[in-house]
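Data block below; observations after.
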Amino acid sequence: MSAIANTAERSSAVTEMPDELRADVRLLGGLLGQVIAEHGGDDLLADVERLRKAVIDARRGKVSGDEITEMVAEWPVDRAVLIARAFTCYFHLANLAEEHFRIRTLRVRDTGEEPLPESIAQAVQELGGERVAELVEGLRLHPVLTAHPTEAR
């Protein structure tokens with residue numbers, strides 16, 4: 001896929017973000033910015049914002065990856081670690097906002113009379129109560145430990 005098509009896809013995805021989700025991400029991002037400024041100082045927040053804007057500009061073709069690399073290379077390792085942590089927090093918050101939005105959306109969709117297509121409720125309805133009881137009785141459950149327990153749902 002060409003870089004132009006990839007950029008167009010990303011721009012399209014950004015504009016397609018539902019307003020409610022966009023508002024949540026902005027709220028959480030703003031709160032994170034306040035925390036960064038309070039605990040790391042306004043200069044740390046300024047560096048985070050400078051990098052964030054540079055990456056957005058790079059996506060739009062206004063800044064090269066080399067320019068961003070040079071910016072990051074200027075920071076001492078300790079500073080780069082703090083900035084990386086700030087972005088990590090932001091992405092975790094954005095993921096939480098997206099999960100919350102998805103849950104809200106599913107709850108709204110699930111208020112109808114008929115079960116949702118491909119839902120557990122639809123499967124139970126199609127199979128019938130006795131067949132579902134037979135299947136559940138035959139289940140064997142085993143706990144699975146993963147390398148990323150923080151990603152458990």
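Data table
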read-out	value
Most positive-pole-ward Cα, Ser119, Gly61, Gly129, against dipole of the chain from beta carbon charges	Gly61
Magnitude of the charge dipole, the stretch 13-88, Cβ model with Lys/Arg +1 and Asp/Glu -1, debye to 20	180 debye
Expected 222 nm ellipticity per residue - DSSP helices of 4 or more, -39500 (n - 2.57), all of the chain, to 500	-24500 deg cm²/dmol
Glu130, Glu113, reordered so the largest accessible area comes first (probe 1.4 Å)	Glu113, Glu130
Scaled radius of gyration (Cα, divided by 2.2 N^0.38 Å) that the chain gives	1.50
HN-Hα J in Hz across the stretch 126-137 - Karplus 6.51, -1.76, 1.60, θ = phi - 60°, x for Gly and Pro	5, 7, x, x, 5, 5, 4, 4, 4, 5, 5, 4
Anisotropy class of the stretch 28-80 from Cα gyration tensor, a/c 1.5 cut	oblate
Unit charges on C-beta of K, R, D, E only; dipole of the chain, Debye	200 debye
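The values are calculated or read from the model by the stated rules, or taken from the named source; none is laboratory data. Bear in mind that the values here come from a model prediction, so they are computed numbers and not experimental data. Neighbour counts run over all protein chains shown; Cβ positions are idealised from the backbone, glycine included. In case anyone asks, the SASA skips ligands and DNA or RNA and just uses the protein heavy atoms, side chains included. Shrake-Rupley method; radii C 1.70, N 1.55, O 1.52, S 1.80 Å.
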